[in-house]
Amino acid sequence: MRESQDFQSFVANYRERFPDDILDLPAPLADGQDVAAIVEALALQGRAPMLACASVPGSDWPLVTNVFASRQRIARLFGVGVEDLHAEYQRRANAPVDPVFVNDGAVAEVVTEGEAVDLSALPMIRHFDSDRGPYVTNAIIVASDPETGIANLSYHRSMRHAQSALATSLHSRGHLWRMYQTAREAGRPLPVAMVIGAHPLFMLAASARVAFGTDERAVAGGLMQAPLEMIATPRHGIGVPANAEFVLEGNLDPEAHVAEGPFGEFSGYSSDRSTNTLFHVTAMMRKRAPWLVDVVGGATDEHLNLARLPREAEMLEKLKARFPSVTGLHYPTSGTHFHCYVRIRQTRPGEARQVMLGLLGWDPYLKTVIAVDDDIDVTQDSQVLWALATHFQPHRDMFTVDGLPGSPLDPSSTADGTTSRLALDATRGPDFHGIRAVLDAGARDRAQALLRGLEGARP
């Protein structure tokens with residue numbers, strides 16, 4: 001039996017299997033910012049459950065968020081352990097399955113078009129006090145290239161501009177921007193659809209790192225291991241998930257320049273760097289009883305995981321193909337998208353430098369890479385910093401490269417997004433003579449048993 005591609009069905013199934021990993025908030029929240037504040041408070045406790053909010057100002061329907069905050073939860077989507085997540089993601093992403101059109105879908109249960117479109121009925125919340133206003137943070141734009149007809153998926157923050165228009169930012173180096181410029185040069189608007197809320201594997205596919213001309217809807221099929229089921233939007237016939245929560249159809253204005261931002265970005269800063277693009281909405285589709293599937297913005301694990309998991313998986317595959325001595329890779333939350341830790345079982349002097357050069361060249365967002373030995377857990381900042389403190393000599397073990405394109409959302413970059421990059425070699429090197437202090441495994445086992453006994457003896 002084919003697994004449902006419906007988000008609400010996914011949550012029901014996940015709740016049945018892992019009830020302790022969903023936190024229900026039945027009482028009405030006072031403000032949309034409470035969602036981000038609750039996620040922040042949970043993160044400080046080392047917790048990252050999926051949140052199900054019954055009532056939030058800004059939405060007439062339930063809100064679900066923090067879906068991607070846990071790597072373990074993402075691994076469960078793929079039926080693997082966290083240690084195998086990168087390999088399984090790449091295995092599926094590298095085996096795309098073409099989407100198929102179906103006759104009907106839940107997202108077409110309620111359709112409004114033309115002058116009847118009113119975006120005040122579209123749920124959105126204000127996540128941070130510094131945001132310009134309420135935002136859709138889970139807005140996946142589907143567009144077809146005007147020349148090739150191949151579709152593209154990408155995330156774009158979006159806020160209400162008028163009754164039937166949104167203000168959005170297109171990421172000026174992304175594939176959608178390239179399509180938009182082609183349409184603009186031809187003097188015509190670009191037809192698009194915006195998906196708000198769909199199966200988590202579709203959402204991950206929208207973050208996939210693929211070459212221009214690759215249809216991420218086929219990547220979604222690869223991740224699902226089944227064709228993505230689509231229906232056509234009413235005016236432009238754009239293929240969108242048949243069981244999405246909401247879909248907006250319309251076009252990107254080739255000339256308009258509208259106010260958009262600031263918005264709490266992955267850097268932890270509110271960014272007003274934007275392409276200031278206007279999205280005219282000509283049709284709105286939704287389920288009869290939809291949910292608002294939210295993504296918590298800012299430098300949160302949810303926001304970062306959506307983008308960094310595909311990046312980590314791709315970079316690790318590329319590195320291992322060229323450097324078999326690479327054994328692990330991690331983009332830490334503390335570094336937003338700008339830092340990477342790479343673990344290597346070095347076989348010859350200088351190999352760590354080669355690996356770091358590869359990373360800094362392949363990933364335009366990276367500013368700092370730290371290479372460590374194979375016995376360091378790259379998912380733990382404290383271990384990487386310990387390696388840096390005890391293995392690294394600044395006069396010998398670092399190099400920089402400047403004048404490279406980076407992220408325009410990096411507040412320290414130039415106005416055009418140019419940045420410099422730093423590589424730190426925190427491996428031990430051939431002349432290192434320290435002996436690491438270690439504990440006998442038996443002592444660790446006895447300590448754990450003793451502590452468990454003391455916990456059990458507490459009144």
Excluding A106 itself, what net charge comes from residues whose Cβ is under 13 Å from its Cβ, given Lys and Arg +1 and Asp and Glu -1?
-> -2
Quote the charge dipole size of segment 238-311 about the Cα centre in Debye, to the nearest 20; the model charges only the Cβ of Lys and Arg (+1) and of Asp and Glu (-1).
-> 300 debye
10 Å Cβ shell holding at most 14 others, DSSP loop, chymotrypsin sites (Phe, Trp or Tyr not before Pro): longest site-free stretch of the chain = 213-431
Which of rounded, prolate, oblate describes segment 327-371, given a ≥ b ≥ c as roots of the alpha-carbon gyration tensor eigenvalues and a/c under 1.5 marking rounded, otherwise prolate only if a/b is larger than b/c?
-> oblate
Cut-off 19 Å (backbone N to label point 7 Å along Cα→Cβ of V111), residues of segment 233-267 | 233-251
If one compares the long axis through the Cα atoms of helix 441-457 with the longest principal axis of the Cα atoms of the chain, the angle in degrees, nearest 10, works out at 60 degrees
Relative contact order of the chain, defined on C-alpha pairs under 8 angstrom at six or more residues apart (%) = 15 percent
Nearest-0.05 FRET efficiency for I435 and A211 at R0 = 45 Å, using Cβ-Cβ distance, is 0.40
Taking the Cβ of A289 as the center, what net charge do the other residues with Cβ under 13 Å away carry, scoring Lys and Arg +1 and Asp and Glu -1?
-> -1
How would you classify segment 1-81 from its alpha-carbon gyration tensor, with a ≥ b ≥ c the square roots of the eigenvalues: rounded for a/c under 1.5, else prolate if a/b is greater than b/c, otherwise oblate?
-> oblate
What angle do you read, to the nearest 10 degrees and between 0 and 90, between the alpha-carbon axis of helix 7-17 and the longest principal axis of the chain?
-> 40 degrees
Give, rounded to the nearest 20 debye, the magnitude of the charge dipole that segment 248-362 has about its Cα centre when Lys and Arg contribute +1 at Cβ and Asp and Glu contribute -1 at Cβ.
-> 780 debye
A student applying the Cα gyration tensor rule (rounded when a/c is under 1.5; otherwise prolate if a/b is larger than b/c, oblate if not) would label segment 208-360 prolate
Sorted from largest down, give the three principal axis spans of the alpha carbons of segment 206-279, whole angstrom values.
-> 39, 32, 26
Please list, in chain and number order, the residues 5+ apart from S154 or on another chain whose amide H is under 5 Å from its amide H, with Hs placed from the backbone.
-> I141
Given Cβ charges of +1 for Lys and Arg and -1 for Asp and Glu, the option among S154, V142, G174 whose Cα lies farthest towards the positive end of the dipole of segment 115-189 is G174
Counting only residues 5 or more apart in sequence or on a different chain, those whose built amide H sits under 5 Å from that of F399 are A423
Intensity falloff of segment 271-363 expressed as log10 I(q)/I(0), Debye formula with alpha-carbon point scatterers, at q = 0.16 Å⁻¹ | -0.80
Set Lys and Arg Cβ to +1 and Asp and Glu Cβ to -1, take the dipole of segment 45-103 about its Cα centre, and tell me which of P49, Y89, V67 lies farthest positive.
-> P49
For segment 179-196, what does the Karplus curve 6.51 cos²θ - 1.76 cosθ + 1.60, with θ = phi - 60°, yield as ³J(HN,Hα) per residue in whole Hz, taken in order and with x for Gly and Pro?
-> 5, 4, 5, 4, 5, 5, 5, 7, x, 9, x, 9, x, 9, 10, 10, 9, 10
For segment 6-156, what is the charge dipole size about the Cα centre, in debye to the nearest 20, if Lys and Arg each add +1 at the Cβ and Asp and Glu each add -1 at the Cβ?
-> 620 debye
Normalise the Debye intensity by I(0) for segment 27-149, one equal point scatterer per Cα, no solvent, then take log10 at q = 0.21 Å⁻¹ and round to two decimals.
-> -1.24
Total formal charge among the other residues, if their Cβ is under 11 angstrom from that of R15, Lys/Arg +1 and Asp/Glu -1 = -3
Determine ³J(HN,Hα), in whole Hz, for all residues of segment 274-289 in sequence, where each value follows from phi through the Karplus function 6.51 cos²θ - 1.76 cosθ + 1.60 and θ = phi - 60°; x replaces Gly and Pro.
-> 7, 7, 6, 8, 9, 10, 7, 9, 10, 8, 10, 10, 7, 5, 5, 10
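Read-outs throughout are calculated quantities, based only on the coordinates presented, and are distinct from any laboratory measurement. Since the structure is predicted, the reported quantities are computational estimates derived from the model, not experimental observations. In this analysis, Cβ positions are derived from the backbone assuming ideal geometry, glycine residues included, and neighbour counts consider all displayed protein chains.
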